[in-house]
């Protein structure tokens, strides 16, 4: 899945398991984990992490 295709197919990413919310999704291109939120008319990228890094829910900040 190309990150560029998220605009056309925002629900093609997987639900972020740490949250279990339909609007919070992730894609794993290469060695990266990109977490994004699907809004009504847009996709907001919330975080980009190297996949070797341990994800902490606090990394998304107060936006969640």
Are any residues in the stretch 26-43 more than 8 Å from the chain's Cα centre (by Cα), under 12 Å from residue 3 (Cα atoms) and assigned to a strand (DSSP E or B), and if so, which ones? 32, 43
Could you list all residues from the stretch 26-37 that are surrounded by 12 or more Cβ atoms within 10 Å (Cβ to Cβ) and either at pLDDT below 90 or farther than 15 Å from residue 60 by Cα (or both)? 27, 28, 29, 32
The stretch 1-25 - residue that is modelled with pLDDT of 90 or more and not in a loop (DSSP other than H, G, I, E, B) and, of those, nearest to the chain's Cα centre (by Cα): 25
I need the full set of residues from the stretch 1-25 which are without any contact (Cβ under 8 Å) to a residue 40 or more places away in the chain, in contact with a strand residue (DSSP E or B) (Cβ under 7 Å, 6 or more places away or on another chain) and either surrounded by 13 or more Cβ atoms within 10 Å (Cβ to Cβ) or closer than 19 Å to residue 51 by Cα (or both), in order please. 1, 3, 6, 10, 13, 14, 15, 16, 23, 25
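The values are calculated or read from the model by the stated rules, or taken from the named source; none is laboratory data. All values reported here derive from a predicted model rather than from experimental measurement. So basically every Cβ, Gly included, is an ideal-geometry build from the backbone, and we count neighbours across all protein chains shown.
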